[in-house]
Amino acid sequence: MHRGTYSESMTVRLIRNHHLIEIESPDASVTFHPLDFDKTYKTIILKCNELYLGYQFSDTELRDIDVQLTEIYKDYSEGRDKHKVSDAEHLVYIARSQIKQQFRDQTGAFYVVIERNDHDELLKMSSEEFNRYLSRLYYDSETKNKVITRVTINNAKRLLESFTTDSRTLYNRIAKIGDTIYYDLNNEQWQCIKITKDGWEIVKNPMIFSRGDVNREQVQPRLPFAEVAPTDRNRRWVRDLVDKFFIKHEYQRIIAEIYIMALFIPDISLPIILPTGPRASGKTLFLRSIRQIVDPRALIESLVERLPRDDKDRRVSIYNSYFACFDNESHLSSDMMDELCTWVTGISMTVRELYTTDEMRTFSAKRALGITGINTPITNSDTLNQAFIVDMESIPDGFDENSESKLIAENKFIDETKKSVPDTLAYIFDILVKCLERYDEVERRIKPNHRLADFVIWGETISRVIGNKDNQFLEAWHQNVQQQNINVVQNDPFAGLLVDYVFNYHYAETEIKIGPMQLYSDLRKYAEDKKLDIRYARWFPQTPEWLARKIRAIKVDLKAADILVEVDRTNNQRWIIFKKIQLKMPQ
């Protein structure tokens, strides 16, 4: 393609080649708009002006382009009348003239960007929404308002997919690209919040978010938040929400406030939040309130759901959410706990697209999770180590003479939370702006005290920005880790048996050195003496080798029960060594 400045006369030759108008001189092409002659004409002139800088078309030359284009449109119309151009081809030409971008996402799904109602929208090509869009395009293009068939739509879509060459990563609700965070408002105007070190603003959606059927619109944050009354601007909106609930420990309230704001940091592994406590302690309402701020749904009930038992349903439910919340779990299977652990650190699943083909699609994601239960539903040491336990107490109901009822209608509470969301979001976004400024400084100064290092660093950064003392979040998180270890010992029957064995069977010894075979035999006998039926118990290891593996898995947790565990090899003999931190078994 030649580019230059011309003063001599120029002849432009136009030929339609499927969905393109080829310009023979100069050598270029533009999109053919079957339903918009003027748009095609203007595009041709702009393309020629771009290639031949400074050249001014004469009236004769412009008229010649008009005549050629008119003939092209006439031929196309006759071809439609004589069925030389099929319905599928016609639909493809119309769609190509409307589509602004085409690409595949990281899973291999096809997407298009179109303009509708004065803004851009992103549509998945396999969705019913795109089918409806194509149907309307075709219906409006026909003078007799013909209705297109599903078969024709599918044929057109396959042809449209063949034109796709670009790829792009798409996100769910929140994205972090470089030092910029984007929060999708999921509204009809396709707007999002852009957060940088310099501030935050409402902008046009950069077409990086996939919107599922479950995603719902978020209210707009109060803007500009800096102009609201100082009493509201300096208010800790998130802490105010946390303090409405009866959370047992102050360290858990500190973490809860920071956790809610950390949910807006999308590229880090976030712990599973586990509100636990007796009935009527507000566990479900707590998760619903958090999700209303971060990842809203149309109905209150759908903010927190039952955890699907079917593997496919569960994975689809979690994948399609940014913050997936599940209610009233008493105990999860080992496989399910292992899977939840991988959602925290990052899961990758490869599935066959259709049973009739061997084409595969890969889904990779990290997700924030919340699960309520009267007791901690997770007992697996590895998964529990990636959790945030929130101990909640019963809400006073006024039946006690010395207490006043603190109960409030759930709908009223949710309505009040909804009203505060614009201010709460604006407050959170202001905090995130400052966190983006200070993150590097905090990262250099602290050493993470947990495997979820990114969360710990962001948590301490948020903590300092909102005015807490240095390392206050780190100390609070350390207390949470200790509680995790205690929960493993309390909820794992094998851990409980082992602690009982170390302190009571070897009550006078401060150190026990024993081989796996002997330990396995001793534990089986000790369990039988305790009237425990371990013959078919899944929690009790069935071989000495699995016994040693189990002990390694809970080694860190046993420290919370004042037991240090070491493994030693001497003369090709393996020994397991238990050292008591204190002689008396902890309560």
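The values are calculated or read from the model by the stated rules, or taken from the named source; none is laboratory data. Remember, predicted model here, so these are calculated numbers, not experimental data. As a convention, Cβ positions derive from the backbone with ideal geometry for all residues, glycine included, and neighbour counts pool all protein chains shown.
Figures for the structure shown
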read-out	value
Any chance Tyr76 is over 30 Å from Asp184 (Cα atoms), surrounded by 13 or more Cβ atoms within 10 Å (Cβ to Cβ) and in contact with a Lys or Arg (Cβ under 8 Å, 6 or more places away or on another chain)	yes
Any chance Ser269 is more than 18 Å from Ile247 (Cα to Cα) and in a loop (DSSP other than H, G, I, E, B)	yes
Unique match (being modelled with pLDDT of 90 or more, assigned to a loop (DSSP other than H, G, I, E, B) and among the β-branched types (Val, Ile, Thr)) among Thr152, Thr164, Thr143	Thr164
Unique match (being more than 51 Å from the chain's Cα centre (by Cα) and either over 13 Å from Phe32 (Cα atoms) or at pLDDT 85 or above (or both)) among Ile65, Ile94, Ile72	Ile65
The one condition in (1) at pLDDT below 75; (2) under 19 Å from the mean Cα position of the chain (by Cα) that Thr357 fails to fulfil	(2)
Of the criteria (1) touching a Ser or Thr at 6+ places or on another chain (Cβ under 7 Å); (2) at pLDDT below 80; (3) within 23 Å of Ser77 (Cα to Cα), which one His18 fails	(1)
Verdict on Ala476 being surrounded by fewer than 16 Cβ atoms within 10 Å (Cβ to Cβ), of a type in the set (A, V, I, L, M) and either at pLDDT below 90 or in the same structural domain as Leu274 (by TED's automatic domain parsing) (or both)	no
Qualifying residues in the range 407-428 (those that are of a type in the set (Gly, Ala, Ser) and either closer than 21 Å to Val465 by Cβ or not assigned by TED's automatic domain parsing to the domain that holds Val465 (or both)) - the one surrounded by the most Cβ atoms within 10 Å (Cβ to Cβ)	Ala426
Residue within the range 542-556 that is more than 40 Å from the chain's Cα centre (by Cα) and β-branched (Val, Ile, Thr) present	yes
Residues satisfying the stated conditions in the range 304-333, i.e. among the polar types (S, T, N, Q), assigned to a loop (DSSP other than H, G, I, E, B) and surrounded by 14 or more Cβ atoms within 10 Å (Cβ to Cβ)	Asn320, Ser321, Asn328
Subset of the range 197-209 (residues that are within 15 Å of the chain's Cα centre (by Cα) and in a loop (DSSP other than H, G, I, E, B))	Ile208
Selected residue [within 22 Å of the chain's Cα centre (by Cα) and of a type outside the set (Phe, Trp, Tyr)] from Asp397, Asp423, Asp430, Asp415	Asp430
First in the range 148-165 and in the same structural domain as Gln101 (by TED's automatic domain parsing), second anywhere and surrounded by 13 or more Cβ atoms within 10 Å (Cβ to Cβ) and part of a loop (DSSP other than H, G, I, E, B), Cβ under 6 Å, 6 or more apart	Lys157/Met125
Qualifying residues in the range 39-61 (those that are among the hydrophobic types (A, V, I, L, M, F, W, C) and loosely packed, with under 13 Cβ neighbours inside 10 Å) - the one nearest to the chain's Cα centre (by Cα)	Leu46
Top-ranked residue of the range 178-215 - restricted to ones that are surrounded by 15 or more Cβ atoms within 10 Å (Cβ to Cβ) and basic (Lys, Arg), ranked as nearest to Phe429 (Cα to Cα)	Lys194
Selection from the range 177-220 of residues that are at positive phi and free of Cβ contacts under 8 Å to residues at least 24 places away in the same chain	Gly178
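Residue-wise test of (1) within 20 Å of the chain's Cα centre (by Cα); (2) in a strand (DSSP E or B).
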{"residue": "Leu160", "(1), (2)": "no, no"}
{"residue": "Ala175", "(1), (2)": "yes, yes"}
{"residue": "Asn186", "(1), (2)": "yes, no"}
{"residue": "Ile195", "(1), (2)": "yes, yes"}
{"residue": "Arg211", "(1), (2)": "yes, no"}
{"residue": "Val214", "(1), (2)": "yes, no"}
{"residue": "Glu217", "(1), (2)": "yes, no"}
